[in-house]
Amino acid sequence: MANAREQGRDFDVRSCPSPAYVVDDALLRRNLELLGQVQARSGARILLALKGFAMWDTFPLVRQYLVGTTSSGQDEARLGAETFGGEVHCYSPAFTEEEMAVVLRYADHLSFNSPGQWRRFRETIAGAPRRVSCGMRVNPEHSTGSVPLYDPCAPGSRLGTRAADLTPEVMEGLEGLHFHTLCEQNSDDLESTLAAFEERFGHYLAGLKWVNFGGGHHITRADYDVERLVGVIRGFRERHPHLTVYLEPGEAIALNTGYLVCSVLDIVENDGPIAILDTSATAHMPDVLEMPYRPQIIGGGEPNEKAHTYRLGGMTCLAGDVIGDYSFDAPLQIGDRLVFTDMAHYTMVKTTTFNGIRLPSICRIDEASREVRTVRTFGYVDYMQRLS
Ligand SMILES: Cc1ncc(COP(=O)(O)O)c(C=O)c1O
């Protein structure tokens, strides 16, 4: 029987393999309901950005609410077409000829990063068997984020064409504009970005069919101002009634919908107790080191907040494979299960098998019965096949 610390949110943490990503269908649906309301009220069409969340076993559920997927190249485009359906959008900083041939089999909307890429592929696209609606990703040169690593408007950015580099001649044959400038941001930042976008690119809008407002909208976060988002989109659509507006969030779909369940393998001592887990920051939750951020653990507190503080470390050789210092009401025991929260987005899509450590299993919690179903487990072959 799992002890109190091990109790997940209304599911049995012993009913999945360890380690495992466990996605709660009820929480996913809650996010999707909100996103569905945003679509209905604002008139925007919302796409799932596969780079953030691509657990395709859930797509029959996600598809009930969202109109399609957005991809970053051939494999995501194919996954979107084959497992999700609906609209398939694609944007990449640069396509190769070979990749474009594949993308054109699956995508119905393509955004280019530069006039050069559009010139290179416009003939191919004109001769493609299916009609593809093409657009240009632009850089509104309006930074709203605080971290340069996540700011496509930072000086020297390679992402998107600046207004000075766009001409009516380049725009010939294009039907849309795309901007993506936000990361985990609220609707006030979208509002100011949209103003900068319209100021710089507004004179092109009359001749277009769609505008894509990108991702980074943290719509399902508790303090997100949904009313403002709806108002901003509605205002834009009133000014440009002929345009279809797209949003393509990834994180907002899966925010706070899943866990990483893991186990304590050993406890060692070096200036305090260190628990070694059967998971890894670098291999299974790389944003903990890249963003960086501190994930929450159910029943775990800040260091020294509760009686027993541990450093939690991963099972790779990387000295810095450390998730952080956490405290617990009772001492940790070997075999205890720990549950990290908010582990559905930018985790499964970013894992590695560094050190040959196994990928976490993938599980789902049923909305009604709360039973945990293991969808996929990984083994030696998954590791071996990546390497030659
Ligand atoms: C072009 C583009 N669209 C959409 C997204 C999804 O962003 P998020 O998951 O932050 O909503 C990203 C993320 O980097 C992106 O680069």
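The values are calculated or read from the model by the stated rules, or taken from the named source; none is laboratory data. Treat the numbers as computed from the prediction; the structure is a model and nothing was measured. Cβ coordinates were reconstructed from backbone atoms using ideal geometry, including for glycine residues, and neighbour counts include every protein chain displayed.
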- [ ] Return the pairs, sorted by first residue and then second, in which the second residue is at pLDDT below 95 and crowded, with 18+ Cβ neighbours inside 10 Å, the first residue lies in the range 168-191 and is closer than 21 Å to residue 89 by Cα, the beta carbons are less than 6 Å apart, and the residues are 6+ apart or on different chains.
- [x] 183/145
Task: residue 138 vs. criteria farther than 23 Å from residue 290 by Cβ, touching a Ser or Thr at 6+ places or on another chain (Cβ under 9 Å) and part of a strand (DSSP E or B) - done: yes
TODO: State which residue is farthest from residue 37 (Cα to Cα) when the search covers only the range 82-94 and only residues that are surrounded by fewer than 22 Cβ atoms within 10 Å (Cβ to Cβ) and within 15 Å of the ligand (Cβ to nearest atom).
DONE: 94
TODO: Assess whether residue 311 counts as being charged (D, E, K, R) and touching a helix residue (DSSP H, G or I) at 6+ places or on another chain (Cβ under 8 Å).
DONE: no
Open item on the list: Show me the helices (runs of 4 or more DSSP H) entirely contained within the range 237-334 in which 1 or more residues are touching an Asp or Glu at 6+ places or on another chain (Cβ under 6 Å) and either more than 16 Å from the ligand (Cβ to nearest atom) or at negative phi (or both).
Closed with: 281-284
Open item on the list: Which count do you get for residues in the range 335-366 that are aromatic (Phe, Trp, Tyr) and either modelled with pLDDT under 95 or within 16 Å of the ligand (Cβ to nearest atom) (or both)?
Closed with: 1
Open item on the list: If residue 309 meets every condition in (1) of a type in the set (Val, Ile, Thr); (2) surrounded by fewer than 15 Cβ atoms within 10 Å (Cβ to Cβ); (3) touching a Pro at 6+ places or on another chain (Cβ under 8 Å) apart from one, which number is that one?
Closed with: (2)
Task: Residue among 193, 181, 161, 167 that is among the hydroxyl-bearing types (Ser, Thr, Tyr), within 23 Å of residue 120 (Cα to Cα) and within 28 Å of the chain's Cα centre (by Cα) - done: 161
Open item on the list: Being within 24 Å of residue 245 (Cα to Cα), at pLDDT below 95 and more than 16 Å from the ligand (Cβ to nearest atom) is the requirement here; does residue 122 meet it?
Closed with: no
- [ ] Give the range 43-62 a look and list any residue that's crowded, with 21+ Cβ neighbours inside 10 Å and either free of Cβ contacts under 8 Å to residues at least 24 places away in the same chain or among the small types (Gly, Ala, Ser) (or both), or say none.
- [x] 44, 49, 52, 54
TODO: Hey, could you check the range 63-81 for residues that are more than 14 Å from the ligand (Cβ to nearest atom) and either within 26 Å of residue 237 (Cβ to Cβ) or in contact (Cβ under 8 Å) with a residue 12 or more places away in the chain (or both) and say which is surrounded by the most Cβ atoms within 10 Å (Cβ to Cβ)?
DONE: 74
- [ ] Select, from 181, 220, 193, the only residue that is assigned to a loop (DSSP other than H, G, I, E, B) and under 22 Å from residue 109 (Cβ atoms).
- [x] 181
TODO: Please state which of the following conditions residue 133 fails to meet, knowing it meets all the rest: (1) free of Cβ contacts under 8 Å to residues at least 60 places away in the same chain; (2) at negative phi.
DONE: (1)
TODO: Quickly run through the range 311-342 and pick out the residues that are among the polar types (S, T, N, Q) and within 11 Å of residue 264 (Cα to Cα).
DONE: 333
Task: Within the range 153-204, considering residues that are more than 16 Å from the ligand (Cβ to nearest atom) and among the basic types (Lys, Arg), the one farthest from residue 132 (Cα to Cα) - done: 200
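Matching residues to (1) at pLDDT below 95; (2) among the hydrophobic types (A, V, I, L, M, F, W, C); (3) over 30 Å from residue 87 (Cα atoms):
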site: 227; (1), (2), (3): no, no, no
site: 230; (1), (2), (3): no, yes, no
site: 236; (1), (2), (3): no, yes, no
site: 247; (1), (2), (3): no, yes, no
site: 251; (1), (2), (3): no, no, no
site: 259; (1), (2), (3): no, no, no
site: 269; (1), (2), (3): no, no, yes
site: 285; (1), (2), (3): no, yes, no
